[in-house]
Amino acid sequence: MPSRLLRRAAPLLVALSLIALTPTVALMGRLGLLTDPVVLGSFVLVLGFLTVGLVITVRRAGNLIGWLLLWIGVLAGLSLLVTAYGMYDLQVAAEPLPGGSLLLWASTWAWLAAPAPSPVIHVLFPDGRLLSRRWAWVIWLAFGSIALVMAAIAVAAWPLQGPALLEGPSWGPEVYPLPPLALLGLAMFGVAEAGSLTAMATRLRRAKGDEREQIKWFLYAGIIVILGITVEILLGVPLTVASWLGGMVVPIAIAVALFKYRLYDIDRIINRTVVYGLLTALLGSIYAAAVLVLGQVFGGVGRDPPSWAVAAATLAVAALFQPTRRRIQQAVDQRFNRRKYSAAKTIEAFSGRLRDQVDLDTLATELLNVTDKTMQPTTASLWLRPPEDVSKAQTPRWDY
């Protein structure tokens, strides 16, 4: 299909998907689920992937990444519509709706088609082509394993059509517990996901220049999502956190990587994320420990800490913020950004010698040496502005 037709097909596909969201919102509202964190996160996921997929397909119609993002957004939106229709027929409608029970059954397995391209995106990113043909097994395994899971759930859910599908721990229809074949399929999908990440790591190791920066953006977004889900599992944070992260961080990172990554320094963003993440964890722990200790000592066991204890802990954390941030920044630079750390130390040492150096030739040589160590230019020259009574022919110049 010519690229012009592809560019026209993408907006039409997105428009139809957005139109389909209108009855979905109405049905979810009648079901009382419109404010549910999982439902809200699902809407964010749909809109995020549709938007970024549209941008990529319009600008680069030949890149499969954009179409796979549209795949996720469109199928996730249709899954929400099918689920809402089936649940409305079962719980709210006065009379049975056409195909309501059938769609309720389909909603237990159809949504799995949406995340199926996830390993495929990993293995094709960023140019939409495989690193080599030997990685094609990841694509076949990803789609084959999801097909197995969908078939196993569909067969298991068929006899349970009706209220039995809503008895699981989830907010919507599901088969609980999952049949063994579905668990096997999910394990296979995990293998495909691991293989795709291995392919991306291999591509990152071989990549240079622009492609390396693009992959860094994508990996950074994936790490943020994994951290969000980990926090959600360990601390019981509502599922909407992971939904927001998965729905917005990943497609936005893909868009930035493919179009505008030059406007941002991904290494600097990663550095700041590590520094402020460690800083937040450390100061949060200090604050909690201070409030707990002061509360136990002055408030008594089992009682809330006095207000002055909370204020004192807050002031202590505020006083520690800047010195702690500098220490953590220095440690992170020393461990993960050695070049920047070494450059800072070189400049610091040169500044100390600069105060005592009076010989112009020696000073010029040292300045050029410091410039070479910190900035590593191909060539460097130093001109000193002569006094007004000295001719240009007498202008001092040092080359490195």
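The values are calculated or read from the model by the stated rules, or taken from the named source; none is laboratory data. Worth saying up front: this structure is predicted, and the values here are computed from it rather than measured. Quick reminder, even Gly has a Cβ in these numbers, built from the backbone with ideal geometry, and neighbours come from all protein chains shown.
A few remarks follow.
- Flag for GLY128 being out of contact with any His (no Cβ under 6 Å at 6 or more places or on another chain) and either at pLDDT 90 or above or under 14 Å from ALA106 (Cα atoms) (or both): no
- Taking the criterion of being over 16 Å from GLY222 (Cβ atoms) and modelled with pLDDT of 90 or more, the only residue of the stretch 190-208 that qualifies is VAL191.
- The set of residues in the stretch 168-208 that are outside any helix (DSSP H, G or I), among the charged types (D, E, K, R) and surrounded by 13 or more Cβ atoms within 10 Å (Cβ to Cβ) contains only GLU174.
- Check on LEU165, farther than 29 Å from LEU12 by Cβ, crowded, with 20+ Cβ neighbours inside 10 Å and at pLDDT below 90: yes
- Considering the stretch 124-140, the residues that are part of a helix (DSSP H, G or I) and crowded, with 20+ Cβ neighbours inside 10 Å include one that is farthest from the chain's Cα centre (by Cα), namely VAL138.
- Any chance GLN334 is modelled with pLDDT of 65 or more, surrounded by 13 or more Cβ atoms within 10 Å (Cβ to Cβ) and assigned to a helix (DSSP H, G or I): yes
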